[in-house]
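Here the structure is laid out as structure tokens; the discussion comes afterwards.
The values are calculated or read from the model by the stated rules, or taken from the named source; none is laboratory data. Just so you know, these numbers come straight off a predicted model, no measurement behind them. Backbone-built Cβ (ideal geometry, glycine too); neighbour counts: all protein chains shown. For accessibility, only protein heavy atoms count, side chains too; no ligands or nucleic acids. Shrake-Rupley method; radii C 1.70, N 1.55, O 1.52, S 1.80 Å.
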Amino acid sequence: MTPDDLRTALRDVPDPDWLATALRRIAAEPAAIARFFPAAGRRCGRADLPDLPGWTADEATRALLLTSLPAEHVAGQAEALYRAGDAAERSAVLKALPLLPVGAAGVPLLHDAIRTNDTRLVAAALGPYARHLDPAAWRQAVLKCVFTGVPLAVVADLDARADGTLAAMLAALAAERTAAGRTMPADATALLDRLTAGTGQPHHREA
């Protein structure tokens, strides 16, 4: 994913002149993003983007606005927009993080999103930028997905990062749910099966 991919996906937005003007103004006057960022949904729409599965037009617009900032302003503006934003604006910041030159500076925003019960924010926090989460925080975030019903398909690098510790956590959760007469999501059960296959490690399957 690159800013050019965002531009291509946004080629049919309702108000392309507004978007072009916003990008120029933000590049020259970084503080102007505070005015343009909230208006993205109204100006460019909120429709799903066929060229960017999982993205809406307002999210892609906001991400592109962030990429137009001078590098030295990106981290500060991203945090300010996240803290002041509504759920849609916060989700856009989280999804934009892999495209921004912020290093690990955006990790506190991931932690904030994962603490919420807003499934949209939890899902956005577990995209490619979640590689910056340490293993313990990442495992807890995966469990948060299971608890809140966020599909594990949104978790970037799931199979590459999942390990025996996560398997043990999932097995314990499965046992608790079985004892309570509750089920585990199918994708969580499938992940647990993959993690324990061929290891001889027992886990509690649901009846």
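Note down the Stokes-Einstein diffusion coefficient of the range 100-207 in µm²/s, whole number, using a Kirkwood radius over alpha carbon pairs, 25 °C, and 0.890 mPa s.
Value of D from the Cα-based Kirkwood radius: 170 µm²/s.
Tell me, what ³J(HN,Hα) does each residue in the range 82-94 have, in order and in whole Hz, if you take phi through Karplus 6.51 cos²θ - 1.76 cosθ + 1.60 with θ = phi - 60° and put x for Gly and Pro?
For the range 82-94, the Karplus-derived couplings read 5, 5, 8, x, 7, 4, 5, 5, 5, 4, 5, 4, 4 Hz, x marking Gly and Pro.
Work from the charge dipole of the chain (Cβ charges, +1 for Lys and Arg, -1 for Asp and Glu, about the Cα centre) and give the residue of Trp138, Val122, Ala180 farthest towards its positive end.
Comparing the listed Cα positions along the dipole, Ala180 ranks first.
Given a 1.4 Å probe, how much area per residue of the chain is accessible, in Å²?
Values: 9850 Å² over 207 residues.
Using a 1.4 Å probe on heavy atoms only, each residue of the chain averages 48 Å².
What ³J(HN,Hα) values, in whole Hz, does the Karplus curve 6.51 cos²θ - 1.76 cosθ + 1.60 give for the range 25-33 when θ = phi - 60°, with x put for Gly and Pro?
Computed from phi, the couplings for the range 25-33 are 5, 5, 4, 8, 9, x, 5, 5, 4 Hz.
In the neighborhood of Pro108, defined by Cβ-to-Cβ distances under 15 Å, what is the net charge if each Lys or Arg adds +1 and each Asp or Glu adds -1? Walk me through the intermediate numbers first.
Numbers: positive: Arg83, Arg90, Arg115; negative: Glu79, Asp112, Asp134.
That works out to 0.
For a quick protection proxy, order the peptides 163-170, 91-98 by their average other-Cβ count within 10 Å, most packed first. Mind dumping the intermediate values first?
Working: 163-170: 16.4, 91-98: 25.5.
Highest-to-lowest ranking by the protection proxy: 91-98, 163-170.
What is the percent carbon and sulfur in the accessible area of the range 1-136, measuring with a 1.4 Å probe over the protein chains and ignoring ligands? The partial results should precede the final answer.
Details: 3260 of 6200 Å².
Carbon with sulfur: 53 percent of the solvent-accessible area.
If you build the Cα gyration tensor of the range 1-156 and take the root of 5 times each eigenvalue, what three semi-axes come out, in whole angstrom, biggest first?
On the way: eigenvalues 131, 58, 33 Å².
Calculated on Cα positions only, the semi-axes equal 26, 17, 13 Å.
Find how many whole Å separate the alpha carbon centroid of the range 103-156 from the alpha carbon centroid of the range 45-84.
Answer, in whole Å: 18.
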